[in-house]
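Colleague: First the structure, which I've put down as structure tokens, then a few questions once you've had a look.
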Amino acid sequence: MLDLLVIALRLAQYGGAVILLGAPLFLLYGLQERDAASQAWSRGLIASAAAVVAIASAAGLIAQTSVMAGSITEGLKPSSIGFMITGTSLGPAFVVRSAMALAALGVVLFVRPSRLQWMGLVFAGLVISASFAWTGHGAATEGAGRYPHLAAAILHSWAAALWLGALAALLVMTLRHRLGDIRSDRILHAALHGFSGVGTLAVALLILSGAVNSLFLVGLDRISGLWTTLYGGLLLAKLGVFGLMLALAASNRFLLTPGLSDALDEPEGLKAAVARLKGSLVLETLLALALLGLVAIMGTLAPVSAMDMSMSS
């Protein structure tokens, strides 16, 4: 039961973190500042993400402490929580995530939407996303490969947030889009065009950093572990979901974006183009949730390389 709670809280933290980093980045690169500031939905989306990260991180600290202590009763004791914070590497990461998320929430609530505000939120998102790598598999590597692996893990988390957080922002923007408003139509097209371009960069970084991570977590000499271990099976499932998302992203870039551009001056064609865009973004977001769920589970398992070493010893 506690293990399931830990996974659920990890998923909540991941989901909130990618939005907290990716959404303000989307506002910075996807739209002109005036147009971005007019997007009323962004305040609620980013504030909700910050609140989720703060609450889920605090709850995650207690849940992880309970797992290590053996029960929720023991995990709630101040002495147990204190040891988790001061005596392990996991505890400080939870504290940093919660504190940065609360700071981000304050920025959203009390600072006027502007490039300065979004840059501050991006900083908080970068720290929060990187904190997962500090205590994950990327930080467990020893020897000469420690820092290259950790750097690849951090880059992977940032690239995922760049893509998935922007995807969530674009989905909300599209669902709230008002057909017939010429300026709003053109802002949506500009946002989709910006998302498609930066999405390509995010995918490239994900593939590069993911390949480096796989070399450490699986290794060329342990490929068979992909079919014989739970971690390997989940990694294959993750790659499958990633492939489906790539196909949808390619459709968005090469079909839906040009189609929306062509339909800007045709009311009926525009309605159909926006409907197709909504359907694609909803499906891609569902796949993103599945991907984050797989990552949340994988983070609680020993990688193929570790399992192989334990068997040989």
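Colleague: What is the residue count in segment 133-144 for residues that are open to solvent by 40 Å² or more (accessible area, probe 1.4 Å) and assigned to a helix (DSSP H, G or I)?
Modeller: 4
Colleague: Another question, then. Here is a list: Leu294, Leu270, Leu286, Leu301. Which entry is surrounded by 14 or more Cβ atoms within 10 Å (Cβ to Cβ) and under 18 Å from Met173 (Cα atoms)? Break it down into steps so the answer makes sense when it comes.
Modeller: Working: Leu294 fails: under 18 Å from Met173 (Cα atoms); Leu286 fails: surrounded by 14 or more Cβ atoms within 10 Å (Cβ to Cβ); Leu301 fails: under 18 Å from Met173 (Cα atoms).
After ruling out the rest, the residue left standing is Leu270.
Colleague: Looking at segment 258-267 only, could you name the residues that are without any contact (Cβ under 8 Å) to a residue 60 or more places away in the chain and open to solvent by less than 20 Å² (accessible area, probe 1.4 Å)?
Modeller: Step one: of segment 258-267, the residues without any contact (Cβ under 8 Å) to a residue 60 or more places away in the chain are 258-259, 262-263, 265-266.
Of everything in segment 258-267, just one residue is without any contact (Cβ under 8 Å) to a residue 60 or more places away in the chain and open to solvent by less than 20 Å² (accessible area, probe 1.4 Å), namely Ala263.
Colleague: Out of everything in segment 121-171 that is of a type in the set (A, V, I, L, M, F, W, C) and closer than 17 Å to Phe94 by Cβ, what residue ends up being modelled with the lowest pLDDT? Outline the logic, then answer.
Modeller: The first filter runs over segment 121-171 and keeps only residues of a type in the set (A, V, I, L, M, F, W, C), leaving 121-124, 126-128, 130, 132-134, 139-140, 144, 150-155, 158-164, 166-171.
So of that shortlist, the ones also closer than 17 Å to Phe94 by Cβ come out as 124, 127-128, 130, 132-134, 139.
Values: Ala124: 97, Val127: 97, Ile128: 97, Ala130: 94, Phe132: 92, Ala133: 88, Trp134: 81, Ala139: 68.
The selected residue is Ala139.
Colleague: Just to be sure before I move on: is Leu109 buried (at least 20 other Cβ atoms within 10 Å of the Cβ), part of a helix (DSSP H, G or I) and touching a helix residue (DSSP H, G or I) at 6+ places or on another chain (Cβ under 8 Å) in the structure I sent?
Modeller: Considered against the rule, which asks whether it is buried (at least 20 other Cβ atoms within 10 Å of the Cβ), part of a helix (DSSP H, G or I) and touching a helix residue (DSSP H, G or I) at 6+ places or on another chain (Cβ under 8 Å), Leu109 comes out as no.
Colleague: So if I check each of Leu235, Leu188, which one is open to solvent by less than 50 Å² (accessible area, probe 1.4 Å), modelled with pLDDT of 90 or more, out of contact with any Pro (no Cβ under 7 Å at 6 or more places or on another chain) and more than 21 Å from Leu287 (Cα to Cα)? Walk me through how you get there before you give the answer.
Modeller: On the way: Leu235 fails: more than 21 Å from Leu287 (Cα to Cα).
Result of the check over Leu235, Leu188: Leu188.
Colleague: Only one residue in Leu256, Leu246 is among the aliphatic types (A, V, I, L, M) and farther than 30 Å from Pro303 by Cβ, so which one is that? If you could, list the steps in order and put the result at the bottom.
Modeller: Details: Leu246 fails: farther than 30 Å from Pro303 by Cβ.
When all the criteria are applied, what remains is Leu256.
Colleague: Moving on to the next point. Name the pairs whose Cβ atoms lie under 9 Å apart, with the first residue in segment 283-296 and within 14 Å of Leu11 (Cα to Cα) and assigned to a helix (DSSP H, G or I), the second open to solvent by 20 Å² or more (accessible area, probe 1.4 Å) and of a type in the set (Ser, Thr, Tyr), and 6 or more positions between them or separate chains?
Modeller: Close Cβ pairs (under 9 Å, with a partner that is open to solvent by 20 Å² or more (accessible area, probe 1.4 Å) and of a type in the set (Ser, Thr, Tyr)) amount to Leu292/Tyr14; Gly293/Tyr14; Val295/Tyr14; Ala296/Tyr14.
Colleague: Considering only segment 99-106, I want to know if a residue exists there that is within 22 Å of Val6 (Cβ to Cβ) and open to solvent by 60 Å² or more (accessible area, probe 1.4 Å). Let's see the steps before the verdict.
Modeller: Quick first cut of segment 99-106, residues within 22 Å of Val6 (Cβ to Cβ) only: 99-102.
Then drop every residue that is not open to solvent by 60 Å² or more (accessible area, probe 1.4 Å), which leaves 102.
Yes, because at least one residue in segment 99-106 is within 22 Å of Val6 (Cβ to Cβ) and open to solvent by 60 Å² or more (accessible area, probe 1.4 Å).
Colleague: Within segment 84-93, how many residues are open to solvent by 20 Å² or more (accessible area, probe 1.4 Å) and assigned to a helix (DSSP H, G or I)?
Modeller: Residues of segment 84-93 that are open to solvent by 20 Å² or more (accessible area, probe 1.4 Å), as a first pass: 85-90, 92.
With the extra rule that they be assigned to a helix (DSSP H, G or I), the set shrinks to 85-87, 90, 92.
Within segment 84-93, residues that are open to solvent by 20 Å² or more (accessible area, probe 1.4 Å) and assigned to a helix (DSSP H, G or I) number 5.
Colleague: Give the residue, chosen from Ala59, Ala50, Ala54, Ala23, that is farther than 23 Å from Leu162 by Cα and modelled with pLDDT of 95 or more. Reasoning before the result, please.
Modeller: Values: Ala50 fails: farther than 23 Å from Leu162 by Cα; Ala54 fails: farther than 23 Å from Leu162 by Cα; Ala23 fails: farther than 23 Å from Leu162 by Cα.
Answer to the check: Ala59.
Colleague: Can you go through Leu277, Leu226 and tell me which one is open to solvent by less than 20 Å² (accessible area, probe 1.4 Å) and over 22 Å from Ala8 (Cβ atoms)? Show your work before the answer.
Modeller: Working: Leu226 fails: open to solvent by less than 20 Å² (accessible area, probe 1.4 Å).
Unique residue meeting the criteria: Leu277.
Colleague: Considering only helices (runs of 4 or more DSSP H) fully contained in segment 145-257, which possess at least 3 residues that are touching a residue at least 24 places away in the same chain (Cβ under 8 Å)? Don't jump to the end; show me each part of the working.
Modeller: On the way: elements: 146-175, 182-217, 225-228, 230-251.
Hits in segment 145-257: 146-175, 182-217, 230-251.
Colleague: While we're on this one: Is it the case, given these coordinates, that Ala152 is closer than 20 Å to Val295 by Cα, open to solvent by less than 30 Å² (accessible area, probe 1.4 Å) and not acidic (Asp, Glu)? I'd like the intermediate steps shown before the answer.
Modeller: Values: closer than 20 Å to Val295 by Cα: yes; open to solvent by less than 30 Å² (accessible area, probe 1.4 Å): yes; not acidic (Asp, Glu): yes.
In short, yes.
The values are calculated or read from the model by the stated rules, or taken from the named source; none is laboratory data. Since the structure is predicted, the reported quantities are computational estimates derived from the model, not experimental observations. Quick reminder, even Gly has a Cβ in these numbers, built from the backbone with ideal geometry, and neighbours come from all protein chains shown. Side chains included, ligands, DNA and RNA excluded: accessible areas come from the protein's heavy atoms. Shrake-Rupley method; radii C 1.70, N 1.55, O 1.52, S 1.80 Å.
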